[in-house]
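Report on the structure given below.
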Amino acid sequence: MAPRILFVCLGNICRSPAAEGVFRNLCPEVETDSAGTAAWHVGKPPYGPMQAAASARGINLSDLRARQFTVADFDRYDLILVMDDSNLSDVETLRPVGNETPVRLMTDFSPAAGADHVPDPYYTRDFDGALDLIEQAAQGIKAVLPSLTD
Ligand code: 4NP
């Protein structure tokens with residue numbers, strides 16, 4: 001069975017919806033979603049400049065809406081992919097006792113890029129740089145999908 005993958009960032013309006021959009025284009029058979037560790041933007045569509053940058057690459061994010069990461073996500077997904085160390089610790093803080101769902105950095109899957117996190121374009125304004133990293137990582141995740149299913 002195809003694994004269920006959840007992408008997580010801080011606001012769920014830039015990096016994680018972009019990752020969801022990139023990955024669902026690449027692997028439509030995989031169940032994906034995205035969430036933010038913060039609740040600030042719940043119910044909102046992805047940030048306009050990120051939607052525009054993604055759209056220029058043929059990636060449509062317009063149907064996505066922000067939601068907050070919850071404890072239940074540990075059971076709903078087989079793999080949780082976060083954008084930076086801060087997301088990692090925020091997610092790990094919520095892990096239920098006994099749960100073993102892997103939580104990994106997105107950039108673990110793009111070693112050739114030489115980045116240890118996906119910088120937040122809401123602050124850096126580098127939407128294309130974030131998308132470049134996300135697209136490389138998505139290819140890396142696709143390559144290891146079979147090993148995630150056993
Ligand atoms: P994201 O970016 O975590 O990639 O969605 C952010 C978007 C908004 C805010 C922070 C990060 N904010 O502070 O509103």
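Quick notes on this one:
- Residues that are within 18 Å of Val22 (Cα to Cα) and within 11 Å of the ligand (Cβ to nearest atom), drawn from the range 123-132: Phe127, Ala130
- Residues of the range 47-65 that are out of contact with any Cys (no Cβ under 7 Å at 6 or more places or on another chain), within 14 Å of the ligand (Cβ to nearest atom) and either closer than 15 Å to Ala130 by Cβ or of a type in the set (S, T, N, Q) (or both): Gly48, Pro49, Gln51, Ala53, Ala54, Leu61.
- Checking Gly11, Gly43 one by one, the residue that is part of a loop (DSSP other than H, G, I, E, B) and in contact with a helix residue (DSSP H, G or I) (Cβ under 8 Å, 6 or more places away or on another chain) is Gly11 and no other.
- Checking each residue in the range 19-40 for being free of Cβ contacts under 8 Å to residues at least 60 places away in the same chain and either assigned to a loop (DSSP other than H, G, I, E, B) or within 12 Å of the ligand (Cβ to nearest atom) (or both) picks out Glu20, Pro28, Glu29, Ser34, Ala35, Gly36, Thr37, Ala38, Ala39, Trp40.
- Restricting attention to the range 31-43, the residues being open to solvent by 10 Å² or more (accessible area, probe 1.4 Å) and on the phi < 0 side of the Ramachandran plot number 9.
- Test for Asp120: is it acidic (Asp, Glu) and either at positive phi or free of Cβ contacts under 8 Å to residues at least 40 places away in the same chain (or both): no
- Criterion violated by Ser16 - all others in (1) more than 10 Å from the chain's Cα centre (by Cα); (2) of a type in the set (Ser, Thr, Tyr); (3) assigned to a helix (DSSP H, G or I) satisfied: (1)
The values are calculated or read from the model by the stated rules, or taken from the named source; none is laboratory data. This structure is a prediction, so every number in the text was calculated from the model and none was measured. Positions of Cβ are backbone-derived with ideal geometry, glycine not excepted, and every protein chain shown enters the neighbour counts. Note: areas computed on protein heavy atoms with side chains; ligands, DNA, RNA excluded. Shrake-Rupley method; radii C 1.70, N 1.55, O 1.52, S 1.80 Å.
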